[in-house]
Amino acid sequence: MVRPFSTSSAASAAAMAGGNADYIAAIQRSRKMLNKRALVAGFASAVPVPGLDWAVDAALLSRLLPQINAEFGLSAQQLDQLDPSKREKVQKAIALTGTVLVGKFITKDLVLKAAKLIGVRLSAAQAAKFVPLAGQAVSAMVGYAAIRYLGEQHIKDCVRVAQQAQLALPAPALR
């Protein structure tokens, strides 16, 4: 079975960075993007329209995950520009990490597969949103938390891959 995100470590991405200032800066930029997208997902989850939150989640993640990849020099375009030996090192690190969302062109199909990890969240949020006010609030919180979880796991995977491949992160202006 292919795992969209590795779940082997509970350590935070910042702790995994081991004090590396470039990694910490990339994590902070990634989290800033993640927080904004998670808020949008939370609001979309509160709207009592069946399927809207799924569509919004897929659209948000299909844009967010490539941006996070780029922060760590792991977008498909950035990897294509690496010399072959470095690219091979990155591909081995990706395989060791077990993620399918690093270094790839992110499609909505891949995003939906990743969302299956939190399928219970989606079912609970769908059911809760039809309870006036309280249900919509619960649905919004669950929607926010789910996107945050997926994003945090992706950031951790990017840190792991970049570290294992000994990849120099791109300058923020060059992303």
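If you check LEU117, LEU167, LEU110, which single one turns out to be at pLDDT below 60 and surrounded by 18 or more Cβ atoms within 10 Å (Cβ to Cβ)? Break it down stepwise before answering.
Numbers: LEU117 fails: surrounded by 18 or more Cβ atoms within 10 Å (Cβ to Cβ); LEU167 fails: at pLDDT below 60.
Exactly one of LEU117, LEU167, LEU110 is at pLDDT below 60 and surrounded by 18 or more Cβ atoms within 10 Å (Cβ to Cβ), namely LEU110.
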*Name, by its number, the condition in (1) crowded, with 16+ Cβ neighbours inside 10 Å; (2) small (Gly, Ala, Ser); (3) farther than 30 Å from VAL90 by Cβ; (4) without any contact (Cβ under 8 Å) to a residue 60 or more places away in the chain that does not hold for ALA55.*
(1)
*Can you name the residue in region 80-90 that is free of Cβ contacts under 8 Å to residues at least 12 places away in the same chain and not in a loop (DSSP other than H, G, I, E, B) and is also surrounded by the most Cβ atoms within 10 Å (Cβ to Cβ) among such residues?*
ARG87
*asked:* Of the conditions (1) among the aliphatic types (A, V, I, L, M); (2) at pLDDT 85 or above; (3) assigned to a helix (DSSP H, G or I), ALA137 satisfies every one except a single condition; which number is it?
replied: (2)
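Answer with yes or no whether ALA93 is at pLDDT below 90, surrounded by 20 or more Cβ atoms within 10 Å (Cβ to Cβ) and touching an Asp or Glu at 6+ places or on another chain (Cβ under 7 Å). Don't jump to the end; show me each part of the working.
Values: at pLDDT below 90: yes; surrounded by 20 or more Cβ atoms within 10 Å (Cβ to Cβ): yes; touching an Asp or Glu at 6+ places or on another chain (Cβ under 7 Å): no.
For ALA93, the condition - at pLDDT below 90, surrounded by 20 or more Cβ atoms within 10 Å (Cβ to Cβ) and touching an Asp or Glu at 6+ places or on another chain (Cβ under 7 Å) - is not met.
Name the residues in region 30-45 that are under 13 Å from CYS158 (Cα atoms) and touching a helix residue (DSSP H, G or I) at 6+ places or on another chain (Cβ under 6 Å), would you?
Correct list: SER30 only.
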*Any idea which of GLN77, GLN126, GLN67 is surrounded by 15 or more Cβ atoms within 10 Å (Cβ to Cβ) and modelled with pLDDT of 65 or more?*
GLN67
*Has region 32-44 got any residue that is within 26 Å of GLY143 (Cβ to Cβ), modelled with pLDDT under 90 and not in a helix (DSSP H, G or I)?*
no
*Residues (small (Gly, Ala, Ser) and either more than 18 Å from the chain's Cα centre (by Cα) or surrounded by fewer than 14 Cβ atoms within 10 Å (Cβ to Cβ) (or both)) located in region 13-43*: ALA15, GLY18, GLY19, ALA21
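The values are calculated or read from the model by the stated rules, or taken from the named source; none is laboratory data. Just so we're clear, the structure is a prediction, and the values are computed from it rather than from any experiment. With ideal geometry, Cβ positions are generated from the backbone for all residues, glycine too; neighbour counts draw on all protein chains shown.
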